[in-house]
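K.L.:
Attaching a single structure in structure tokens format; questions to follow.
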Amino acid sequence: MPDRTLKEYKNETYLDFSDPTNDKAQKKAIEEVRSNFGKEYDLYINGEFVKGDAGTFESKNPSNISETIGVFQSASKEQAFNALGKAWDAFEDWQYVSAKKRADFLFKAADVVRRRRLEINAWMISEAGKNYLEADADTCEAIDFIEYYAYEALRIDDGMDVLSETWGDHNKSFYMPIGAGVSISPWNFPFAIFVGMSVAPIAVGNTVVAKPAPDTPRMGSLLAEIFEEVGLPAGVFNFVTGGDIEVGENLAKHPDTRFISFTGSRAVGLHLNKIAAETHEDQNFLKRMVCELGGKNATVVDEDADLNSAATEIIKGAFGFQGQKCSASSRVVAHQAIYDELLEKVTEKAKALEVGNSKENYISGPVINQKAVDKIMKYIEIGKEEGRLVAGGKRAETENEGYYIEPTVFADVDENARIAQEEIFGPVTAFIKAKDTEDALRIANGVEYGLTGAYFSKDPKKIDNALRKFRVGNLYINRKCTGALVGAQPFGGFKMSGTDAKAGGRDYLKYFLEPKSATLRPAEGVDYDLEDFDFANE
Ligand SMILES: NC(=O)c1ccc[n+]([C@@H]2O[C@H](COP(=O)([O-])OP(=O)(O)OC[C@H]3O[C@@H](n4cnc5c(N)ncnc54)[C@H](O)[C@@H]3O)[C@@H](O)[C@H]2O)c1
Ligand SMILES: N[C@@H](CCC=O)C(=O)O
């Protein structure tokens with residue numbers, strides 16, 4: 001295999017499903033996957049597929065809830081702890097495996113994902129309710145995470161800081177993996193985020209117990225199959241499905257859990273952050289906590305913006321995957337001079353979005369489950385009190401029994417209203433009127449989150465002003481505020497949106513590393529320096 005360097009990294013490109021060949025191929029993959037609905041999938045602990053001790057649960061198709069995607073294991077607390085123990089056993093060797101060897105496992109895994117791409121999309125379309133493009137983008141992001149972190153691990157292995165020489169001593173700093181930990185992921189990027197959160201620690205020599213969200217366990221079990229196929233050493237990656245408390249919380253609390261990597265809601269993230277801070281008597285490290293939480297993102301449209309383009313991008317940002325993205329534009333803050341015109345354009349486009357079964361590639365599919373329906377419909381009722389309903393506002397009627405909600409737009413919402421402040425995580429956006437540019441940026445910043453934002457203007461001076469003042473981790477000018485690409489738009493937010501980690505960025509792997517400084521004084525008459533040592537087993 002040729003040497004792979006960071007320079008070789010490229011984002012995977014999405015399939016064009018308006019091409020009938022791709023559309024047909026995706027439909028065929030969906031039919032194949034559907035013929036496998038209802039099968040049982042096991043835990044994957046220490047390189048073995050095993051049954052759970054605490055029963056089983058089913059994953060359902062949100063587009064048609066009479067369909068069972070698969071049957072999954074509920075691990076007991078003891079099994080979860082056993083997985084953690086096996087991960088520590090595997091760490092003994094894995095921490096010293098060379099970065100190149102580790103990266104080779106990952107490059108092979110990325111190639112398997114490429115080979116199974118349409119099948120993986122098909123499972124995701126069925127289990128999460130994504131349309132074809134959203135599913136394909138998720139699978140591509142998973143490939144990107146795997147390869148980007150593999151390249152990054154190679155770069156980090158090349159050495160850290162250039163240090164000064166001190167009177168004949170040689171100084172070197174390098175990174176060491178930190179140990180075995182737990183990755184707890186959400187259902188909304190059920191492959192990309194699950195894969196990214198599993199691969200990042202592994203790429204730099206750690207071992208992982210990964211728990212998928214209960215709504216999308218099939219997407220996690222695919223990674224177990226892939227790592228089994230590429231021969232990743234036993235115990236490096238463990239896949240444990242089961243209860244939030246039984247598996248997730250108990251693992252977070254365990255004194256041997258070295259890191260907790262969490263992506264999910266603010267409430268659960270804060271709860272786990274507290275757990276991470278509690279030190280057990282027999283714990284000899286501070287737990288490393290990585291939290292990537294929610295958002296209440298705004299698209300700000302200034303008076304000189306291209307309104308057609310802004311309206312198109314708002315629709316994508318607010319209603320892509322039914323608004324179930326932490327990055328979604330759930331607020332539109334519009335300058336008073338263009339407010340009415342923009343609102344009319346967005347309303348018209350929102351009303352035109354067709355809702356239906358994801359297997360037929362409707363632009364808008366279902367939301368994830370009944371709990372989500374209840375929460376979103378509750379916010380829609382609140383919105384009716386707080387603003388003027390101009391589009392949607394009801395359950396969408398379709399041929400299937402699924403969790404469908406109409407794309408919904410509220411106008412004339414006060415900046416402090418609940419629907420302007422709280423994360424809804426569904427197909428709902430709220431228009432807020434601003435007096436001028438500064439007022440718009442103040443409103444955009446006036447929430448507890450700081451994840452993404454979009455700003456529309458043609459004026460370079462205004463753009464420069466927004467670049468500095470709009471307080472979000474990911475800011476986009478003249479485009480939608482969703483769809484960050486690995487390695488291009490490192491992703492993660494400020495304020496209550498998380499611990500400032502940037503998934504798919506250069507800093508991310510350092511959350512799973514500890515830096516070590518070494519000083520070597522050459523022994524009398526011996527000629528060597530620290531560059532002669534690479535600190536890894538081949
Ligand atoms: N910042 C980001 O990068 C990012 C990315 C995706 C999603 N999100 C956020 O995730 C949320 C949606 O995902 P969700 O509904 O799956 O979130 P969630 O917080 O309900 O669940 C996330 C994960 O935590 C587990 N969990 C729940 N309770 C737990 C507990 N007490 N102990 C341990 N684990 C527990 C769940 O099973 C799931 O695997 C939204 O708030 C969204 O903004 C953030
Ligand atoms: N990284 C994704 C969002 C992940 C959270 O849901 C985006 O940029 O849209």
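K.L.:
Mind checking whether some residue in the stretch 106-116 is surrounded by 21 or more Cβ atoms within 10 Å (Cβ to Cβ), aromatic (Phe, Trp, Tyr) and not in a loop (DSSP other than H, G, I, E, B)?
P.N.:
No, the conditions are met nowhere in the stretch 106-116.
K.L.:
I'd like to know if the stretch 379-391 contains one or more residues that are in contact (Cβ under 8 Å) with a residue 60 or more places away in the chain and either in the same structural domain as ALA318 (by TED's automatic domain parsing) or in contact with a Pro (Cβ under 6 Å, 6 or more places away or on another chain) (or both).
P.N.:
No, the stretch 379-391 has no match at all.
K.L.:
Just checking, how many residues over the stretch 476-514 are touching a Leu at 6+ places or on another chain (Cβ under 8 Å) and surrounded by fewer than 19 Cβ atoms within 10 Å (Cβ to Cβ)?
P.N.:
Result for the stretch 476-514: 2.
K.L.:
For VAL333, state whether it is within 16 Å of ligand 1 (Cβ to nearest atom), surrounded by 23 or more Cβ atoms within 10 Å (Cβ to Cβ) and either of a type in the set (Lys, Arg) or in a strand (DSSP E or B) (or both).
P.N.:
In short, no.
K.L.:
Can you find, within the stretch 190-215, the residue that is farthest from ligand 2 (Cβ to nearest atom) among those that are of a type outside the set (A, V, I, L, M), without any contact (Cβ under 8 Å) to a residue 60 or more places away in the chain and farther than 19 Å from PHE91 by Cβ?
P.N.:
PRO212
K.L.:
Is at least one residue of the stretch 98-115 more than 30 Å from ARG258 (Cα to Cα) and under 20 Å from the mean Cα position of the chain (by Cα)?
P.N.:
yes
K.L.:
Exactly one of these conditions fails for ALA328: (1) within 16 Å of ligand 1 (Cβ to nearest atom); (2) closer than 22 Å to THR452 by Cα; (3) surrounded by fewer than 22 Cβ atoms within 10 Å (Cβ to Cβ). Give me its number.
P.N.:
The single condition ALA328 does not satisfy is (3).
K.L.:
For the stretch 34-56, state whether one or more residues are within 30 Å of ALA234 (Cα to Cα), outside any loop (DSSP other than H, G, I, E, B) and among the basic types (Lys, Arg).
P.N.:
Yes, the stretch 34-56 contains a residue that is within 30 Å of ALA234 (Cα to Cα), outside any loop (DSSP other than H, G, I, E, B) and among the basic types (Lys, Arg).
K.L.:
How about the stretch 17-31: which of its residues are surrounded by 12 or more Cβ atoms within 10 Å (Cβ to Cβ) and either in a loop (DSSP other than H, G, I, E, B) or not assigned by TED's automatic domain parsing to the domain that holds ILE120 (or both)?
P.N.:
PHE17
K.L.:
So if I check each of SER261, SER265, which one is touching a helix residue (DSSP H, G or I) at 6+ places or on another chain (Cβ under 9 Å) and either among the small types (Gly, Ala, Ser) or within 16 Å of ligand 2 (Cβ to nearest atom) (or both)?
P.N.:
On inspection, the qualifying residue turns out to be SER261.
K.L.:
Among the residues of the stretch 57-90, count how many are acidic (Asp, Glu) and in a helix (DSSP H, G or I).
P.N.:
2
K.L.:
I'm checking my understanding of the structure. Among residues of the stretch 442-492 that are part of a helix (DSSP H, G or I) and in contact (Cβ under 8 Å) with a residue 40 or more places away in the chain, which one is farthest from ligand 2 (Cβ to nearest atom)?
P.N.:
Only one residue tops the list, namely LYS462.
K.L.:
Any idea which residue in the stretch 364-375 is surrounded by the most Cβ atoms within 10 Å (Cβ to Cβ), counting only those that are part of a helix (DSSP H, G or I) and within 21 Å of the chain's Cα centre (by Cα)?
P.N.:
ALA372
K.L.:
Out of TYR175, TYR151, report the one residue that is outside any helix (DSSP H, G or I), away from ligand 2 (no atom under 16 Å from the Cβ) and over 25 Å from LYS51 (Cα atoms).
P.N.:
Result of the check over TYR175, TYR151: TYR175.
The values are calculated or read from the model by the stated rules, or taken from the named source; none is laboratory data. Everything numeric here is computed off the predicted structure, so don't read it as measured data. Cβ sites come from the backbone with ideal geometry, for glycine too, and all protein chains shown count toward neighbours.
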